[in-house]
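Chemist: This is the structure I want to talk about, given as structure tokens.
What follows is calculated from the coordinates using simple rules that are stated; it is not laboratory data. All values derive from a computational prediction rather than experimental measurement. A quick note on method: Cβ atoms are made from the backbone with ideal geometry, for glycine too, and the neighbour counts reach across all protein chains shown.
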Amino acid sequence: MANEAFKDHIYALIFCGGGGTRLWPFSKDARPKQFLKIDGDKTLVRQTFERINSFIPAERTWIVTTPDYPDEVAQELPEIPRKQVLVEPARRNTAMAAGLGAIAIRKIDPQAIIVNIWSDQLITGQKEHEKAILAGASVAWSGDNLVAVGIKPRYPHTGLGYVKKGEVFDVIDGVEVYKVEKFTEKPKIEVAKKMVASGSYLWHEGTLIWRIETFMRALSQHSPETFKRLEEIAQNLDRVGGKDKIIKTYLHAPDMSIDVALAEKAPNFYVVAAEYEWYDLGDFSVLWQISKKNKEGNSLIS
């Protein structure tokens, strides 16, 4: 990474609005998993912030949440100024959440690279995590590139997305980056087994990295209605009387995931092959994997 000017333009956007329903009743809408201390004495969102804060400062870290959780965010992340906590008027899935963060950050830094990350994942390996994110940011900075982060699959999993690696695009600080051949969402078990056995697929970890201009251009091409709504909102940010217009526009925006809006359509995606350990805390079997067990192999999570 000879030209490291991009490091001054890296922003983190942490998604913190999920209801955590997949772990009900342990995780509930009133207290979803990102606000629980699942591994250690810190909540998942606190761990997420501290992990990214080692190389992206708090003044360039933004949160997107829903009307249910701004107080919890403020309690867990007092370092984040309230102006950097974006509250969606309603849940409209991840395409609008990512877009809301993008248009808000664009007002401050049009050259920004955004690292879109989840608040409810468990990741170990700080050095490897930083290397993977910086490699992805370097690729995003260098051209019209959208970047995903992938993890070598440990076993066939039907509840996750997969990324098929194409040709090697670059190796940055020892981190391999590939052209994406295709994304596959939640395959059946027979397909997942073949994917893992082939060695050509990575788990789609969920972290996405892009320059704002690249992201917005891709949205205009592949999800024009989402793009249109976001630009309408952008016109009313910080404008007197703009709040009601923003709410109305948001309520009429498409309810679409970022995978459907972009990942499954855009041809300019690349994937970073990350080396850290990653767990999607989406079911109790994963909680059992990471927890301490007694001699009978049982674990107690309170």
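Chemist: For the chain, what is the mean residue ellipticity at 222 nm derived from helices alone (per DSSP H run of n ≥ 4: -39500 (n - 2.57); sum divided by total residues; nearest 500 deg cm²/dmol)?
Modeler: Result for the chain: -10000 deg cm²/dmol, rounded to the nearest 500.
Chemist: List every residue whose amide H lies under 5 Å from the amide H of G161, counting only residues 5 or more places away in sequence or on a different chain, with H placed 1.01 Å from N in the peptide plane.
Modeler: Result for G161 returns K186, H204.
Chemist: Using Stokes-Einstein with the Kirkwood hydrodynamic radius over Cα pairs, what translational diffusion coefficient do you get for the stretch 136-180 at 37 °C and a viscosity of 0.692 mPa s, in µm²/s rounded to a whole number?
Modeler: Details: Rh = 11.9 Å.
Rounded, D is 275 µm²/s.
Chemist: How about K131: which aspartates and glutamates have a C-alpha closer than 18 Å to its C-alpha, ignoring those fewer than 8 places off in the same chain?
Modeler: Within reach: E4, D8, E50, D170, D173, E176, E205, E275, E277.
Chemist: Which ³J(HN,Hα) values, rounded to whole Hz and listed in residue order, are derived for the stretch 158-169 from phi using the Karplus coefficients 6.51, -1.76 and 1.60 in 6.51 cos²θ - 1.76 cosθ + 1.60 with θ = phi - 60°, glycine and proline given as x?
Modeler: Values, residue by residue: 8, x, 10, x, 10, 10, 8, 6, x, 6, 5, 9 Hz.
Chemist: Dividing the alpha-carbon Rg of the chain by 2.2 N^0.38 Å yields what?
Modeler: Numbers: Rg = 18.8 Å, N = 302, 2.2 N^0.38 = 19.3 Å.
Taking N as the residue count of the chain, the ratio is 0.98.
Chemist: Would you mind working out the magnitude of the charge dipole of the stretch 154-198 relative to its Cα centre, with +1 at each Lys and Arg C-beta and -1 at each Asp and Glu C-beta, to the nearest 20 Debye?
Modeler: It comes to approximately 360 debye.
Chemist: Something else now. Which peptide among 137-144, 219-226 comes first, and what is the full order, when sorted by highest mean count of other Cβ atoms within 10 Å?
Modeler: Result, highest mean first: 137-144, 219-226.
Chemist: Ok, one more. Antiparallel as a % of all DSSP beta bridges within the chain, to the nearest 5?
Modeler: For the chain, the DSSP antiparallel bridge percentage is about 60.
Chemist: Give me the number: length gained by fully extending K186 to D144, i.e. 0.36 nm times residue separation minus the C-alpha to C-alpha distance, one decimal in nm.
Modeler: Net length gain for the segment: 12.3 nm.
Chemist: Strictly over 24 Å apart at the Cα level, which of K107/K182; K164/K186; K7/K107; K165/K188; K152/K188 would you flag in this model? Before the final figure, lay out each step's value.
Modeler: On the way: K107/K182 33 Å; K164/K186 13 Å; K7/K107 18 Å; K165/K188 19 Å; K152/K188 18 Å.
Among K107/K182; K164/K186; K7/K107; K165/K188; K152/K188, the Cα-Cα distance tops 24 Å for K107/K182.
Chemist: If I model a spin label as a point 7 Å beyond the Cα along the Cα-Cβ vector, how far apart are those points for D109 and S257 in nm?
Modeler: The answer from the label model is 2.9 nm.
Chemist: Only Lys, Arg, Asp and Glu count, each charged at its Cβ (+1, +1, -1, -1), so figure out the dipole size of the chain about its Cα centre, rounded to 20 debye.
Modeler: For this selection, approximately 540 debye.
Chemist: How long is the gain from A58 to S220 if the chain were fully straight, where each residue apart is worth 0.36 nm and the alpha carbon distance is subtracted?
Modeler: Length difference between fully extended and current span is 55.3 nm.
Chemist: Something else: So if we plug the beta-carbon distance of T158 and E213 into 1/(1 + (r/R0)^6) with R0 = 30 Å, what FRET efficiency do we get, rounded to 0.05?
Modeler: 0.25
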